[in-house]
Each structure stands twice: as structure tokens, then as C-alpha cells.
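The structure appears right after this line, and notes come after that.
Every number in this text was worked out from the coordinates using simple rules, so none of it is lab data. Predicted, not measured: the structure shown is a model, and the values here were computed from it. Note: ideal-geometry Cβ built from the backbone for every residue, glycine included; neighbour counts use all protein chains shown.
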Amino acid sequence: MSTLADRPAGVRAAGGALWRARADGTLETALVHRPKYDDWSLPKGKPEPGEHLLGTAVREVREETGLDVVVGRRSVRTRYAVRTRDGGTAAKEVDYWLMQVTGGGFAVNDEVDELCWLPVAEATDRVTHAHDRAVLDDLARTDVPRAPALLLVRHASAGERADFDGPDALRPLDRAGRAQARRLADVLPVFGPVDLLSAEPVRCRETLEPLAGRLGLDVRLLPELGEQRFSDDPRGGLAAIEALLAAPPARGVTVVCSQGGAIPSALMALGVRWAGVAGALWPPSAKGSVWALGGTPGALTADYYRDVVTDPV
């Protein structure tokens, strides 16, 4: 199991380890040549103001390679020293995601004059910098999937229960929640969702509706992941999650919107612990947040996105 590390300081950047499979199953990755540095490296770059590092990674990959990608699991974070304009040095940290190439084509641009596809072992020999080898080693792993199977979303902001005059299941998103739902619709398509499932409360369905409109998908109900239903029958809720995690990788990612009374309990039962802390520390589940899950219960890759746009964690 992996969890998201604490937020570091220093120069930040993000990029992607691209992959595709040959007809014989050989895993290939793409390297770019930067004439400014005369090096072979992985595509990456610095964030724009207010940009989440996930968005940075996808944007930089598209700008440098021209390729279309589906984002997979978060890869390693590399750390190394870089020269500053005043002649000193600063610590630079780069977050990487694994990304499956689905289309597009390379064209020479201002930053990259050549792109080559190589088997991962050959790419590891070709890259100029040792820190890129750590990312390629992670890409080559076979003990964990390269992409999540499930995006587990906590419904967006819906005000306070005490302020709503009606059944709690009918409480809708508030203004902040509708903005969160739109942000989710802007970002989650990079994971290539193929199915949208929701607990029964209106606020859960409304959280996914902008994403459904963006993708042209329907939001289907998954009652087992509702707060009360999960409390009454946790085994049934866990069985539903485990079935989604066990889906063949080629099927694509399922997005499930649930509630704060169900998500942390389900994650604990699946073996997720927060930030590597020992003991029964509840995993966080802020409104509008996302857990990207892949693998099998007890041995998951688990990555938490507190805010998919503005929070660069």
C-alpha cells in the first residue's frame, strides 16, 4: 500500500512516465530530448499559478510530446538540486504519474526536438539523469497496477443538515458544492472514467452530474455505498468495492460518489492507512475529495486528492 507523502517545500514540478504495449506485450516508454540541456529525460515542467500538480503533469506532457494520455497511478517523487539564477542551488521536487498513451503525435517544439520509444530497460540506460531511472523502475513494477480501477469521491459541499427543511437524503449541493462538482468534471476525465456510480442521496448524484455531462455517461445508483446502508451492511458495501477493484484493467476506471460516514470505514477495512502512520488512524475524506484506488484489498495503491484543482498536494 502507498499513501500520499507530506507536502514538501522548494521548487515544484510534475511530469509523466508514458507507456504503451507492443503487440508482443513488451512495455515501452517515451523519452524526450531537450536541446537546451542536450539530455534525454521524461516530460515534465513547472506549475502555472493555482494549478494542481496533476494538471501540470498532463499539460506538460501534451505540450512537450503532442500525445494524448490517460492518467494512471501516481508514481514516485524525485528530489535533486538545481542551479538558480543567482548561481546558487535549490532543491527541486518532481511528482510523476504513469500515463498510457492513447493517441496524438509528436512534433518538434520549443522545448523538445526528438522523441523516442524504447523498451523500459533500454530507456533506463538511455536517460541522462539518475532520478529519472527511479521513475522508470516504478513504471516497470509488476506487483501493482499501472492505473487505478476506482475513484472514490466524497460528495461536494451541501450545507448543514440542521439548516435543511426536509429529508436529509434530499439535501442538495450548495453554491460551494456546485463549484466543487464542476472542478471534478474538469479534472477527472484525465483518468478516462467509463462508469459513474452514486449512493442514493441527492448530493451524491449532483456531485457527479457535471462529470456525467462532460463524459456523456449516466449516473447509476450504488445503494450499498450510502452512509446508512453501509453502516447496516458493511460487508455488502465492501463486496461492491472489491468487485470494482477486481475489474480487468482494460475496462477502465469507475467513479463512485459516496459519503463521509462510509468512505473512511471502507478504506480502513481495505487496509488503507493515512501517510504511513501506524495504528487505526482514519483516512481523510473531505467534501469533494477523491481517493484513487487500485490493486487488491490489503495491498492497494491508494492516493488522496484533497482538492483536484487548487491544492497541490
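General remarks:
- Helical runs (DSSP H, four residues minimum) scored at -39500 (n - 2.57) apiece and divided by the length of the chain put the mean residue ellipticity at 222 nm at -8000 deg cm²/dmol.
- Cα centroid of the stretch 34-109 to Cα centroid of the stretch 197-264, whole Å: 32
- Taking trypsin sites (Lys or Arg not before Pro) as exposed when DSSP calls them loop and at most 10 other C-beta atoms lie within 10 angstrom, the chain has its longest site-free stretch at 86-313.
- Helix runs (DSSP H) in the chain reaching 20 Å along axis by Cα, Kyte-Doolittle at least 0.0: none
- For the stretch 11-139, a simple Cβ point-charge model (Lys and Arg +1, Asp and Glu -1, everything else neutral) yields a dipole of about 440 debye relative to the Cα centre.
- Here the chain carries DSSP beta bridges of which approximately 60% are antiparallel, counting only pairs with both residues inside.
- Here the chain yields Rg over Rh of 0.99, to two decimals, using C-alpha coordinates and the Kirkwood radius.
- A cysteine counts as unpartnered when no other cysteine's C-beta lies under 4.7 Å of its own; in the chain this applies to C116.
- When both bridge partners sit in the stretch 11-139, DSSP labels roughly 75% of those beta bridges antiparallel.
- Relative contact order (%) - criterion: Cα under 8 Å, at least six apart; region: the chain: 21
- Only the Cβ atoms of Lys and Arg (+1) and of Asp and Glu (-1) were treated as charged; on that basis the dipole of the chain about its Cα centre amounts to roughly 340 debye.
- Residues of type lysines that K287 reaches as a straight line, Cα spacing below 23 Å, ignoring anything fewer than 8 places off in the same chain: none
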